[in-house]
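Presented below is the structure to which this report refers.
The values are calculated or read from the model by the stated rules, or taken from the named source; none is laboratory data. Nothing here was measured: the structure is a model prediction, and the numbers come from that model. Here the Cβ positions follow ideal geometry from the backbone for every residue, glycine too, while neighbour counts run over all protein chains shown.
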Amino acid sequence: MGMTAPGCDHGAMAERKPPGMGFESWIDRQVREAQERGEFDDLPLAGKPLPPRRPGDEYSWIREKLAREGESTDALLPTPLRLRKEIHKLPEALRDVRSEQTVRDVVDELNERIMQWLRAPSGPNIPVALVDADAVVTEWRSARAERMAAEQQVRAERAAAAAQAAAAERAAAEEARRNSRKPLSPYTWLNWWRRQLGRRTGRTP
């Protein structure tokens, strides 16, 4: 007879398979009793069809779980592959870094993890070399200078376009003021006198 640990609910513990009962029948009974207790109620995707999976893809459920939790599938890679991928993505990761010291700190942290793996390698035998911090800093400076030059050019083009639009607006306003100061043409005066005479004639008894 098995003993129950103090403070544990015997009903919540996994029941041992009775002697003489096949594993399949015992599992079916466990599932049925769990359903009766309501342990399968309110589960995610309850009552919905299973999402399609590619034949032979045994790890799709792991990728789906990582996606739901907002994690990258890089966590599934062996350590040397993950490190090499980080090295490859280093320029992109440093794109928004603003100081050289921060760049060196990032490289130092990555090199420390590479050194830890080199001391006790695990996984496939894939060579991983330390990152040259000076080379990374040089590349970061060049990329940052190019990006800043491009941003400055965009700002200059926008300023020129705004100045051109403002000049066109001022010219249109000046043209309108000049037109407002022009004397009325004889044709305009004639039409005005005709309207005035017409009004007077209409008021004559």
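Taking the options Arg63, Arg53, name whichever one is modelled with pLDDT of 65 or more and of a type outside the set (Ser, Thr, Tyr).
Just a single option satisfies the conditions, and that option is Arg63.
Being assigned to a helix (DSSP H, G or I) and hydrophobic (A, V, I, L, M, F, W, C) narrows it down to one of Ala160, Ala129, so name that one.
On the way: Ala129 fails: assigned to a helix (DSSP H, G or I).
Selected residue: Ala160, the only one of Ala160, Ala129 that is assigned to a helix (DSSP H, G or I) and hydrophobic (A, V, I, L, M, F, W, C).
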Q.
Here's a check for you: in segment 120-148, which residue that is among the small types (Gly, Ala, Ser) and surrounded by fewer than 10 Cβ atoms within 10 Å (Cβ to Cβ) is modelled with the highest pLDDT?
A. Ala120
Q. Give me the pairs: first residue in segment 110-131 and over 13 Å from Lys85 (Cα atoms), second residue assigned to a loop (DSSP other than H, G, I, E, B) and at pLDDT 90 or above, beta-carbon distance under 9 Å, and six or more apart or on different chains, which are they?
A. Asn111/Leu130; Asn111/Val131; Met115/Leu130; Trp117/Val128; Leu118/Val128; Leu118/Leu130; Pro121/Val128
